[in-house]
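The values are calculated or read from the model by the stated rules, or taken from the named source; none is laboratory data. These figures come from a predicted structure and were not determined experimentally. Remember, those area values only see protein heavy atoms, side chains included, never the ligands or the DNA or RNA. Shrake-Rupley method; radii C 1.70, N 1.55, O 1.52, S 1.80 Å.
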Amino acid sequence: MSTAPNGGVDRSHAPSIAPKLTFAALHAAILAVCAYLAFALPWPDATRAALLFAAAALYFVRHLITLFVLLKRNVAFSEALGLAAFMALFEIGFLLLGAGALSGTATPLGPLDALAIAMILVGSYLNTGSEMQRHRWKKHAAHKGQCYTQGLFAHSMHINYFGDTVLFSGWALLTASWLAAPIPLFITAGFVFFHIPGLDTYLAQRYGDTFKAYAARTAKFVPYLY
């Protein structure tokens, strides 16, 4: 397997135990800060703060599954530290916005919040669920070295990335603040213009005609649309 970075990451296989443990510990610390902010301090919108903490807790559990079950590639300390800083920005920032730290008021829960929670749950399933499907398939010796095109990945080549776009859009919506909008926009742009092109190049080199046939019949990002 090539050791050249593709889409901003090194796709060579490595256990990377120390960076992964560091990443997990930093994320746990971020979640602890979120818990303190949500439940130990008085906020104008304590209910929304609790819901945003729940979203952060779900994301933390998914992150642990990704790090220690699904992720086989090399993880550098620089990646762990950089992503942990970004997680601190949006997890703590989302909670503060939703709690009313800037507005000073509470926004009553309504239909948009129900939609936001549904998006968080569906997006989480699309990402981690699709990755678990691929993980189980790859464990079979008969599938070694083959390109996975089944399950949720039959509907979108990068359904996992699309899932995170849905998740972060719902998470931002749950804050009830337009100031959260740049985060899902930034993440989606990163997927579409940076990570996906680099990953497609890597997959085309690794799987050749099999991947080209898969790409020809399958949406790249949004199922059945793009």
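Split the accessible area of region 140-188 by element, probe 1.4 Å, and carbon with sulfur accounts for 67%.
Accessible surface of D209, taken over heavy atoms with a 1.4 Å probe and every protein chain present, rounds to 120 Å². For region 73-139, the calculated P(r), taken from all Cα-Cα distances in 5 Å bins from zero up to the bin holding the longest distance, is 3, 12, 10, 17, 19, 16, 10, 7, 4, 1, 0 percent.
Accessible surface ranking for M87, M119, 1.4 angstrom probe, highest first: M119, M87. Straight-line cross-link partners of K212 among the lysines, defined as a Cα under 27 Å from its Cα and at least 8 positions apart when in the same chain: K72, K138, K139, K144, K220. Only protein heavy atoms count here; under a 1.4 Å probe, Y202 has an accessible surface of about 30 Å². Each distinct pair of alpha carbons in region 18-104 adds a 1/r term; the inverse of their mean, the Kirkwood radius, is 13.5 Å. For the chain, the 222 nm mean residue ellipticity estimated from helices alone, with every DSSP H stretch of n ≥ 4 adding -39500 (n - 2.57) and the total spread over all residues, rounds to -19500 deg cm²/dmol. Compactness ratio for the chain: Cα radius of gyration over 2.2 N^0.38 Å (N = residue count) comes to 1.07. When W171, W137, W43, W178 are compared by accessible area at a 1.4 angstrom probe, the order from most to least is W178, W43, W137, W171.
Remark: region 74-226 carries 51 Å² of accessible area per residue (probe radius 1.4 Å; ligands, DNA and RNA excluded). Here is what passes the span test in the chain: the DSSP H helices with alpha carbon length of 27 Å or more along the helix axis and a Kyte-Doolittle mean of 1.6 or above are 17-40, 77-99. Annotation for region 133-166 versus region 202-224: alpha-carbon center distance of 12 Å.
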